[in-house]
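One structure below.
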Amino acid sequence: MEILDMPAVDVAMLIVLLVSAGVGVWRGFVYEAASLLGWVVAYVGAQRFSPWLMAQWSLQGYSPELGRGSAFALLFLAILLIWALAARLLRRVVHATPLQVPDRLGGAAFGLVRGVLILLVLATVVGWTPLKNLEGWQASQGRVWLERLIEGLRPYWPDGLTETVQDQIPEKARDVLNGR
């Protein structure tokens, strides 16, 4: 099968996978893994220390929710920035050693997994909307693989997730998606 004969949806999926793998090769596994861990650390750290930071601020006249949200956002970004700098330093150290090639190969694998996860999220959302009936989506071979993977993962979803998300789509958006 030539790329020019592929449905546009499959070409787009291939591009997502190639770009994600390319970014993984460029960054390397150590940096990718450290970056992912950084998001978790930033979230947990911001959750843990935002009440303390909020108590340090004098936000009289503002709602407590605004103070907590602002403290959380500031801490999250600060922790993420510091972690990113440390991850870049770690990447430079690894790339100055003979571990550079395995690091980049691991980064490619990490990138492919990330690309598949991105496509799974998109396929899940499309499956919850009338977009699933579009001709281009139905013609996609990638759609078939993703739907099989989604069906395999469905037993691990929280109960009622599909219905909850579908209920959140505004009625006007559903009408547009249904062509009304």
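The values are calculated or read from the model by the stated rules, or taken from the named source; none is laboratory data. Every value quoted in this text rests on a predicted model; they were computed, and no experiment measured them. Using ideal geometry, Cβ is built from the backbone for each residue, glycine included, and neighbour counts are taken over all protein chains shown.
Values for this structure:
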item: Test: residue in segment 111-131 that is in contact with a Phe, Trp or Tyr (Cβ under 6 Å, 6 or more places away or on another chain), within 19 Å of A21 (Cβ to Cβ), in contact (Cβ under 8 Å) with a residue 40 or more places away in the chain and surrounded by 14 or more Cβ atoms within 10 Å (Cβ to Cβ); result: no
item: In segment 19-49, residue nearest to L134 (Cα to Cα) [restricted to those that are of a type in the set (A, V, I, L, M) and touching a Leu at 6+ places or on another chain (Cβ under 9 Å)]; result: A21
item: From W83, W39, residue being surrounded by 16 or more Cβ atoms within 10 Å (Cβ to Cβ), in contact (Cβ under 8 Å) with a residue 12 or more places away in the chain, of a type outside the set (D, E) and in a helix (DSSP H, G or I); result: W83
item: Segment 1-18, residues that are within 18 Å of the chain's Cα centre (by Cα) and surrounded by 14 or more Cβ atoms within 10 Å (Cβ to Cβ); result: A12, M13, L14, V16, L17
item: Residue ID - nearest to A86 (Cα to Cα), chosen from residues in segment 19-36 that are small (G, A, S) and buried (at least 20 other Cβ atoms within 10 Å of the Cβ); result: A34
item: Flag for G142 being farther than 18 Å from L17 by Cα, modelled with pLDDT of 85 or more, of a type outside the set (D, E, K, R) and in a helix (DSSP H, G or I); result: no
item: Where Y62 falls short, out of the listed (1) assigned to a helix (DSSP H, G or I); (2) among the aromatic types (F, W, Y); (3) surrounded by fewer than 15 Cβ atoms within 10 Å (Cβ to Cβ); result: (1)
item: Count of residues meeting criterion [of a type in the set (F, W, Y) and farther than 20 Å from M6 by Cβ] in segment 115-142; result: 1
item: Some residue of segment 92-107 being among the hydrophobic types (A, V, I, L, M, F, W, C), within 28 Å of V30 (Cα to Cα) and surrounded by 15 or more Cβ atoms within 10 Å (Cβ to Cβ); result: yes
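Here's the yes/no breakdown for (1) out of contact with any Gly (no Cβ under 6 Å at 6 or more places or on another chain); (2) within 19 Å of V144 (Cα to Cα); (3) of a type in the set (S, T, N, Q):
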position: M6; (1), (2), (3): yes, yes, no
position: V9; (1), (2), (3): no, yes, no
position: M13; (1), (2), (3): no, yes, no
position: V16; (1), (2), (3): no, yes, no
position: V19; (1), (2), (3): yes, no, no
position: G24; (1), (2), (3): no, no, no
position: V30; (1), (2), (3): yes, no, no
position: S35; (1), (2), (3): yes, no, yes
position: A42; (1), (2), (3): yes, no, no
